[in-house]
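Accompanying notes for the structure given below.
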Amino acid sequence: MNYTKEEVLQYVAEEDVKFIRLSFCDVFGRQKNISIMPDELYRAFETGIAFDASAITGFGDETQSGLLLHPDPDTLSVLPWRPEHGRVVRMYSYITYPDGTPFEADTRALLKKAISEAEAKGYSFFFGSEQEFYLFETDDFGAPTTRTYDKAGYMDIAPDDRGENVRREVCLTLEQMGICPESSHHEEGPGQNEIDFRYSDPLTAADNTMTFQTVVRTVAKRNGVYADFSPKPIEGQPGNGFHINMSVKPDTGDCNLGYMIAGVLERAKALTVFLNPSDNSYRRLGRSKAPKYISWSKGNRSQLIRIPEVADGKTRAELRSPDPSANPYLAFALIIYAGLAGLENQIPLQDPAEINLFKADGETLSRFEKLPETRAEAIKAALESDFIRERVPAKILEIYCGR
């Protein structure tokens with residue numbers, strides 16, 4: 001988008017904008033915002049807008065509650081579902097202390113730092129996200145029920161697929177906001193849907209992921225249904241995945257994607273609590289194509305990482321363990337750091353597992369290391385990792401791991 005603050009101020013003055021939402025998220029990726037009037041926008045750019053951090057999970061307590069939001073003009077977007085007259089726009093924001101010091105639990109800033117470190121070492125990373133969600137019917141009061149919106153299956157069509165119009169409206173709304181979905185379809189579970197995005201730079205990809213969840217929930221509500229992104233909404237049915245397509249490009253020469261993959265695989269256990277942060281996450285892993293073992297292969301969906309078969313020659317790797325409860329800023333930052341470690345140290349990539357791990361016998365499976373099977377195991381792996389202690393700020397580590 002590449003707006004400057006002067007261009008944003010001009011746009012707000014000329015385009016009948018009445019409210020500006022300054023958006024951010026807590027350490028778990030839950031979206032938050034504060035709305036300001038146009039007269040306050042200049043102050044927001046110059047000094048920031050104060051908010052009570054003690055009310056945000058992990059941001060502080062009553063003794064140190066003042067933090068400031070600083071809007072990023074690059075992220076200006078009109079919210080199409082709000083009135084055309086008296087428009088509402090949104091910008092994502094960075095967070096600082098009153099003295100200007102960056103707030104250490106600002107995961108968007110953490111991702112930006114990871115991107116800068118990678119670029120300083122001659123590498124540019126790219127991400128594309130695929131997020132799944134269920135649609136549930138609501139009761140007379142608008143509260144979600146346990147009844148799925150349809151009983152359709154993978155890539156079914158209307159009238160069996162009742163989510164078709166919801167996905168269409170989501171895609172058109174995103175397009176109005178400058179975000180281009182790549183494809184959309186019904187997923188395997190009843191009432192389950194997926195919308196995929198083209199790859200982009202990590203910060204844009206994370207911002208788009210946050211916007212996507214907001215748009216899906218908003219459009220679903222407008223259609224009288226409830227969108228559920230939780231990892232395992234229905235026992236016995238497929239969980240919701242957050243598949244992350246990742247690639248890396250060096251400033252000069254060719255890049256060995258295998259080193260990046262090896263770096264991620266080597267740190268997969270330590271990363272898990274950040275990619276799968278809820279207890280519900282571990283009811284998904286190891287079931288219905290969600291990985292259980294630390295492995296990779298070409299095109300095999302039973303693996304932790306697969307190399308999709310593509311015709312355009314743009315090779316990428318798909319990480320299949322994360323779920324939509326993950327904070328995309330934190331997830332992408334840690335993947336960048338893990339991939340960088342693999343590239344810099346030229347970590348050799350283990351042999352591919354060209355077998356179906358969901359059907360393999362016990363002797364075969366015993367040769368593979370498992371992902372953590374509970375959140376407690378994932379916390380233990382993170383706390384024992386030098387990589388995590390070096391890369392995750394103490395405040396964030398304490399919140400995720402309880403110390």
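The values are calculated or read from the model by the stated rules, or taken from the named source; none is laboratory data. This one's a predicted model, so the numbers in the text were calculated from it and none came from an experiment. Note that each Cβ is placed from the backbone with ideal geometry, even for glycine, and that neighbours are counted across all protein chains shown. SASA here: full protein model, heavy atoms, side chains in, ligands and nucleic acids out. Shrake-Rupley method; radii C 1.70, N 1.55, O 1.52, S 1.80 Å.
Just the residues that are outside any strand (DSSP E or B), of a type outside the set (A, V, I, L, M, F, W, C) and surrounded by fewer than 12 Cβ atoms within 10 Å (Cβ to Cβ), please, taken from the stretch 140-150.
D140, G142
For the stretch 239-264, give me each residue that is open to solvent by 10 Å² or more (accessible area, probe 1.4 Å) and either free of Cβ contacts under 8 Å to residues at least 60 places away in the same chain or among the aliphatic types (A, V, I, L, M) (or both).
V248, G253, D254, L257
Could you check the stretch 1-112 for strands (runs of 3 or more DSSP E) lying wholly inside it with 3 or more residues that are touching a residue at least 12 places away in the same chain (Cβ under 8 Å) and open to solvent by 50 Å² or more (accessible area, probe 1.4 Å)?
Ranges flagged: 17-25, 31-36.
With the structure loaded, tell me whether I179 is within 20 Å of the chain's Cα centre (by Cα) and either open to solvent by 70 Å² or more (accessible area, probe 1.4 Å) or on the phi < 0 side of the Ramachandran plot (or both) or whether it fails that test. Steps first, please.
Numbers: within 20 Å of the chain's Cα centre (by Cα): yes; either open to solvent by 70 Å² or more (accessible area, probe 1.4 Å) or on the phi < 0 side of the Ramachandran plot (or both): yes.
When the stated conditions are applied, I179 passes them.
Can you tell me which residues in the stretch 265-281 are under 20 Å from R30 (Cβ atoms) and either surrounded by fewer than 22 Cβ atoms within 10 Å (Cβ to Cβ) or without any contact (Cβ under 8 Å) to a residue 60 or more places away in the chain (or both)?
L275, S278, D279, N280
Of the residues that sit in the stretch 194-234 and are polar (S, T, N, Q) and part of a loop (DSSP other than H, G, I, E, B), which one is farthest from the chain's Cα centre (by Cα)?
Here the residue is N223.
Taking the stated definitions as given, is E137 open to solvent by less than 40 Å² (accessible area, probe 1.4 Å), farther than 29 Å from L22 by Cβ and among the charged types (D, E, K, R)?
Details: open to solvent by less than 40 Å² (accessible area, probe 1.4 Å): no; farther than 29 Å from L22 by Cβ: yes; among the charged types (D, E, K, R): yes.
No: the conditions fail for E137.
Tell me, yes or no, whether the stretch 74-86 has at least one residue that is over 30 Å from Y400 (Cβ atoms), touching a helix residue (DSSP H, G or I) at 6+ places or on another chain (Cβ under 7 Å) and not aliphatic (A, V, I, L, M).
yes
Residues of the stretch 372-403 being of a type in the set (A, V, I, L, M) and closer than 15 Å to S278 by Cβ, which ones?
Those that are of a type in the set (A, V, I, L, M) and closer than 15 Å to S278 by Cβ: A376, A378, I379, A382, I399.
Answer yes or no as to whether S321 is more than 17 Å from the chain's Cα centre (by Cα), open to solvent by less than 20 Å² (accessible area, probe 1.4 Å), among the polar types (S, T, N, Q) and at negative phi.
Judged against the criteria, S321 is not a match.
What number goes with the only condition from (1) more than 25 Å from K232 (Cβ to Cβ); (2) in contact with a Pro (Cβ under 7 Å, 6 or more places away or on another chain) that N280 does not pass?
Here N280 clears every test but (1).
Here are some residues: P372, P352. Which one is assigned to a loop (DSSP other than H, G, I, E, B) and either under 30 Å from G60 (Cα atoms) or in contact with a Pro (Cβ under 6 Å, 6 or more places away or on another chain) (or both)?
The conditions single out P372.
Run I307 past the list (1) over 19 Å from T374 (Cα atoms); (2) touching a Phe, Trp or Tyr at 6+ places or on another chain (Cβ under 8 Å); (3) open to solvent by 70 Å² or more (accessible area, probe 1.4 Å) and report the number of the one that doesn't hold.
(3)
Step by step: first the residues of the stretch 113-134, then only those that are of a type in the set (S, T, Y), in contact with a strand residue (DSSP E or B) (Cβ under 9 Å, 6 or more places away or on another chain) and within 30 Å of I388 (Cα to Cα), then the one that is surrounded by the most Cβ atoms within 10 Å (Cβ to Cβ). Which residue is that? Break it down into steps so the answer makes sense when it comes.
Residues of the stretch 113-134 of a type in the set (S, T, Y): 116, 123-124, 129, 134.
Within this subset, residues satisfying the condition of being in contact with a strand residue (DSSP E or B) (Cβ under 9 Å, 6 or more places away or on another chain) are 123-124, 129, 134.
Pick out the ones that are also within 30 Å of I388 (Cα to Cα) and you get 123-124, 129.
Details: Y123: 20, S124: 15, S129: 24.
Checking each candidate, the answer is S129.
Tell me the residue from F125, F103 that is more than 19 Å from G241 (Cα to Cα), out of contact with any Asp or Glu (no Cβ under 9 Å at 6 or more places or on another chain) and among the aromatic types (F, W, Y), please.
Within the list F125, F103, the selection yields F103.
Give just the number: which of (1) surrounded by fewer than 21 Cβ atoms within 10 Å (Cβ to Cβ); (2) touching a residue at least 60 places away in the same chain (Cβ under 8 Å); (3) polar (S, T, N, Q) does N165 not satisfy?
Just one mismatch for N165, condition (2).
Tally up the residues in the stretch 79-101 that are in contact with a Gly (Cβ under 9 Å, 6 or more places away or on another chain) and closer than 28 Å to K221 by Cα, please.
Number of matching residues: 1.
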